[in-house]
Amino acid sequence: MNFNMFDEIDYFTNVNTENDMNMDTNINKNSNLFNTYEGYVKGNLFKNLYKSYKNLKPVKIPVNSERDELLLNIGQLSFAKHELNLLLDNYPNNTNALNLFNKYQKMETEQVKNYERRFGPLTVSSNMENIPFAWVNDIWPWEN
Amino acid sequence: MWKYEKRLQYPVNIKTKDLRLAKLLVTQYGGSNGELAAAFRYLNQRYTMPDNRGKALLTDIGTEELAHVEIISTMIYQLMKDASLEEIREAGLDSHYAEHKKALYPTDANGVPFTVMYFATTGDPKADLMEDMAAEQKARAVYENLIDLTNDPDVLGPLLWLRQREIVHFQRFKELYEMYKSEGL
């Protein structure tokens with residue numbers, strides 16, 4: 001792609017930044033962004049920046065349980081949000097990026113609620129009413 | 001202020017122990033181009049960035065690098081945790097065992113301990129951003145070297161993913177560098 005490095009790229013043509021809350025269909029295939037799942041698996045939300053190494057394909061993230069599935073939902077929304085966050089740091093007036101950020105934020109909040117209801121708190125500030133203190137009880141992220 | 005989330009930024013679930021690989025991967029924890037050096041390089045440089053874009057970008061990328069420290073640490077931990085003493089000796093990790101048992105310890109692949117020299121901060125925003133761009137390129141190159149040295153998909157997944165992050169970070173640093181340059185900052 002030919003563009004001036006410091007000109008802001010329009011990543012948001014063909015991206016529906018409002019209304020559609022369906023995880024994977026809010027990005028048109030002609031857009032410059034990957035959908036949240038594809039972006040997460042690749043580690044890169046921006047099609048023009050994605051470059052594979054020796055044509056190696058990204059490894060599919062295994063989903064073997066409901067917990068894996070909820071973590072994948074949270075992971076992809078949080079990741080897409082973070083990618084937009086870094087873009088907005090450089091271009092704070094990008095309305096499309098901000099709208100998409102806010103849309104993913106809402107979706108992520110829902111997914112976090114679903115996760116925490118079933119598998120306990122993701123942060124120390126939520127769902128802390130019961131004894132024993134739930135924060136210490138669940139699996140820590142480095143244990144497989 | 002920082003807030004911990006009890007999940008990895010990208011999942012790690014390594015089923016096959018591999019001590020040779022653990023010994024090499026550690027460089028992306030404690031080596032000169034590793035994630036620990038990156039995290040604190042950016043978080044240390046952010047105070048003297050000339051405007052809010054720079055303060056935000058270095059804070060947010062520095063914070064993401066902390067999540068990458070956790071991913072790499074998890075990989076090393078999982079590659080080592082079921083190893084026998086015999087296997088540790090065979091892989092040449094007995095010297096690590098003598099000092100640290102199976103605990104993590106930030107070194108490069110040759111066992112050279114982590115040093116704050118890796119922070120590389122001048123206080124000149126353009127020099128620091130240029131340093132950060134180089135750091136992202138070097139980390140990408142090291143990830144490619146490590147990718148060459150494994151074919152375990154459980155290890156390749158996170159390595160390919162972390163490599164892409166270096167590419168995106170390089171782009172963001174470059175954009176900021178070019179903006180500062182054109183604006184005379």
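The values are calculated or read from the model by the stated rules, or taken from the named source; none is laboratory data. Please read all numbers here as calculations on a predicted model, not as lab measurements. So basically every Cβ, Gly included, is an ideal-geometry build from the backbone, and we count neighbours across all protein chains shown.
Return the only residue of A:Asn73, A:Asn94, A:Asn114, A:Asn90 being surrounded by 14 or more Cβ atoms within 10 Å (Cβ to Cβ), under 20 Å from B:Arg172 (Cα atoms) and more than 10 Å from chain B (Cβ to nearest Cβ).
Values: A:Asn73 fails: under 20 Å from B:Arg172 (Cα atoms); A:Asn114 fails: under 20 Å from B:Arg172 (Cα atoms); A:Asn90 fails: more than 10 Å from chain B (Cβ to nearest Cβ).
The match here is A:Asn94.
Quick one: would you say B:Ile71 is assigned to a helix (DSSP H, G or I), in contact (Cβ under 8 Å) with a residue 40 or more places away in the chain, touching a His at 6+ places or on another chain (Cβ under 9 Å) and within 14 Å of chain A (Cβ to nearest Cβ)? Here the answer is no, as B:Ile71 does not meet what is asked.
Any idea which of B:Ser84, B:Ser182, B:Ser95 is in contact (Cβ under 8 Å) with a residue 12 or more places away in the chain and surrounded by fewer than 15 Cβ atoms within 10 Å (Cβ to Cβ)?
On the way: B:Ser84 fails: in contact (Cβ under 8 Å) with a residue 12 or more places away in the chain; B:Ser182 fails: in contact (Cβ under 8 Å) with a residue 12 or more places away in the chain.
Being in contact (Cβ under 8 Å) with a residue 12 or more places away in the chain and surrounded by fewer than 15 Cβ atoms within 10 Å (Cβ to Cβ) holds for just one of B:Ser84, B:Ser182, B:Ser95, which is B:Ser95.
The residue list A:Glu66, A:Glu108 contains one member that is within 19 Å of A:Phe34 (Cβ to Cβ) and out of contact with any strand residue (DSSP E or B) (no Cβ under 8 Å at 6 or more places or on another chain), which is A:Glu108.
So in region A:57-69, with the set limited to residues that are surrounded by 13 or more Cβ atoms within 10 Å (Cβ to Cβ) and facing chain B (nearest Cβ under 9 Å), which one is nearest to A:Gln111 (Cα to Cα)? Selected residue: A:Asp68.
Screening A:Tyr53 with (1) crowded, with 17+ Cβ neighbours inside 10 Å; (2) within 30 Å of B:Glu175 (Cα to Cα); (3) out of contact with any strand residue (DSSP E or B) (no Cβ under 7 Å at 6 or more places or on another chain) gives one miss only, at (1). Scanning region B:74-94 for any residue that is farther than 19 Å from B:Val26 by Cβ, small (Gly, Ala, Ser) and in a helix (DSSP H, G or I) turns up nothing.
Screening A:Ser125 against (1) surrounded by 14 or more Cβ atoms within 10 Å (Cβ to Cβ); (2) among the hydroxyl-bearing types (Ser, Thr, Tyr); (3) within 12 Å of another protein chain (Cβ to nearest Cβ) leaves a single unmet condition, (1).
Looking at (1) free of Cβ contacts under 8 Å to residues at least 40 places away in the same chain; (2) more than 8 Å from chain B (Cβ to nearest Cβ), which one does A:Tyr50 not meet, given that it meets all the others? In the conditions (1) free of Cβ contacts under 8 Å to residues at least 40 places away in the same chain; (2) more than 8 Å from chain B (Cβ to nearest Cβ), A:Tyr50 misses (2) alone.
Can we say B:Ala109 is under 16 Å from B:Arg20 (Cα atoms), surrounded by fewer than 20 Cβ atoms within 10 Å (Cβ to Cβ) and in contact (Cβ under 8 Å) with a residue 12 or more places away in the chain?
Details: under 16 Å from B:Arg20 (Cα atoms): yes; surrounded by fewer than 20 Cβ atoms within 10 Å (Cβ to Cβ): yes; in contact (Cβ under 8 Å) with a residue 12 or more places away in the chain: yes.
Answer is yes for this residue.
Considering the conditions (1) in a helix (DSSP H, G or I); (2) without any contact (Cβ under 8 Å) to a residue 24 or more places away in the chain, B:Ala103 is excluded by exactly one of them, (1).
Looking at region B:138-148, can you tell me whether even one residue there is over 21 Å from B:Glu70 (Cβ atoms), within 9 Å of chain A (Cβ to nearest Cβ) and among the aliphatic types (A, V, I, L, M)? The answer is no, given that none of the residues of region B:138-148 is over 21 Å from B:Glu70 (Cβ atoms), within 9 Å of chain A (Cβ to nearest Cβ) and among the aliphatic types (A, V, I, L, M). Once region B:151-162 is narrowed to residues that are touching a helix residue (DSSP H, G or I) at 6+ places or on another chain (Cβ under 7 Å) and free of Cβ contacts under 8 Å to residues at least 24 places away in the same chain, the residue that is farthest from B:Glu35 (Cα to Cα) is B:Leu156. B:Leu21 falls short of the stated requirement of being under 29 Å from A:Trp135 (Cβ atoms), among the hydrophobic types (A, V, I, L, M, F, W, C) and more than 12 Å from the chain's Cα centre (by Cα).
Take B:Arg172 and decide whether it is within 14 Å of chain A (Cβ to nearest Cβ) and touching a Gly at 6+ places or on another chain (Cβ under 7 Å). Don't jump to the end; show me each part of the working.
Values: within 14 Å of chain A (Cβ to nearest Cβ): yes; touching a Gly at 6+ places or on another chain (Cβ under 7 Å): no.
Judged against the criteria, B:Arg172 is not a match.
Check region A:131-139 and report whether any residue there is without any contact (Cβ under 8 Å) to a residue 60 or more places away in the chain, facing chain B (nearest Cβ under 9 Å), of a type in the set (A, V, I, L, M, F, W, C) and closer than 30 Å to B:Phe173 by Cα.
Taking region A:131-139 and keeping what is without any contact (Cβ under 8 Å) to a residue 60 or more places away in the chain, we get A:131-139.
Going one step further and asking which of them are facing chain B (nearest Cβ under 9 Å), we end up with A:135, A:138-139.
From what's left, of a type in the set (A, V, I, L, M, F, W, C): A:135, A:139.
After this cut, where a residue has to be closer than 30 Å to B:Phe173 by Cα as well, the list is none.
No, region A:131-139 contains no residue that is without any contact (Cβ under 8 Å) to a residue 60 or more places away in the chain, facing chain B (nearest Cβ under 9 Å), of a type in the set (A, V, I, L, M, F, W, C) and closer than 30 Å to B:Phe173 by Cα.
Quick one: is A:Asn35 surrounded by 19 or more Cβ atoms within 10 Å (Cβ to Cβ) and either touching a strand residue (DSSP E or B) at 6+ places or on another chain (Cβ under 6 Å) or at pLDDT below 95 (or both)? Yes: the conditions hold for A:Asn35.
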